[in-house]
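Presented below is the structure to which this report refers.
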Amino acid sequence: MNKSLFFSWIVSLVATLGSLSFSEVFHFVPCTLCWYQRILMYPLTIILGVAFYYGDRTVYKYGIPLAVIGMVISLYHYSLQKLPFMQKLEICTSGIPCSGEYINLLGFITIPLLAFISFTLIAINLIMMRRNNR
């Protein structure tokens, strides 16, 4: 059993279930950047789960790019929320503003930060997996 792959899958599963609960249980309407992050996280849950089940040790080849792109988008999203000068660069022009905050725990924990942490943990674990396979 590859612990890095299993942990990556669990992180993606928790992130996916959290995302779905925010929208379906708490009725938070996702902004444009939230949708982009979902587009990257949801397939990771399936890809990593299947790779773990079949023992695919090369899943890092397509998992790392998805996780890194997700990190970039979620970091940009978080900066829109926390850095006032970044709001001039906001791409959300219709619907829910990307700079809005549904949750703000301890003054800094928001949904994009949670996504960034998830993507980062997945990327780190897949990079460790890649190093162990060499």
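Suppose the filter is under 17 Å from Leu113 (Cβ atoms) and either modelled with pLDDT of 90 or more or touching a Phe, Trp or Tyr at 6+ places or on another chain (Cβ under 9 Å) (or both); does Met86 pass it? Reasoning before the result, please.
Details: under 17 Å from Leu113 (Cβ atoms): yes; either modelled with pLDDT of 90 or more or touching a Phe, Trp or Tyr at 6+ places or on another chain (Cβ under 9 Å) (or both): yes.
So Met86 fits the description; yes.
If you scan the stretch 89-108, which residues turn out to be of a type in the set (A, V, I, L, M, F, W, C), out of contact with any Leu (no Cβ under 8 Å at 6 or more places or on another chain) and surrounded by 14 or more Cβ atoms within 10 Å (Cβ to Cβ)? Show your work before the answer.
Taking the stretch 89-108 first, the residues of a type in the set (A, V, I, L, M, F, W, C) are 89, 91-92, 96, 98, 103, 105-106, 108.
From what's left, out of contact with any Leu (no Cβ under 8 Å at 6 or more places or on another chain): 96, 103, 105-106, 108.
Listed by number, the list holds a single entry, Ile96.
Can you run down the residue pairs with Cβ atoms below 7 Å, 6 or more apart or on separate chains, where the first is in the stretch 54-66 and on the phi < 0 side of the Ramachandran plot and the partner is surrounded by 13 or more Cβ atoms within 10 Å (Cβ to Cβ) and assigned to a loop (DSSP other than H, G, I, E, B)?
So the pair list comes out as Arg57/Asn2.
In the stretch 71-108, what residues are within 25 Å of Ala123 (Cα to Cα) and part of a helix (DSSP H, G or I)?
If the condition is that a residue be within 25 Å of Ala123 (Cα to Cα) and part of a helix (DSSP H, G or I), then Met71, Val72, Ile73, Ser74, Leu75, Tyr76, His77, Tyr78, Ser79, Leu80, Gln81, Lys82 are the ones that fit.
Search the stretch 81-101 for residues that are over 10 Å from Thr32 (Cα atoms) and pair each with any residue that is assigned to a helix (DSSP H, G or I) and polar (S, T, N, Q) when their beta-carbon atoms are under 8 Å apart and the residues are at least 6 apart or on different chains.
Met86/Ser79; Ser99/Gln81; Ser99/Gln87; Gly100/Gln81; Glu101/Gln81
The values are calculated or read from the model by the stated rules, or taken from the named source; none is laboratory data. In this text the structure is predicted, and so the values were computed from the model without any measurement. Counting neighbours? That spans all protein chains shown, and the Cβs are built from the backbone with ideal geometry, glycine included.
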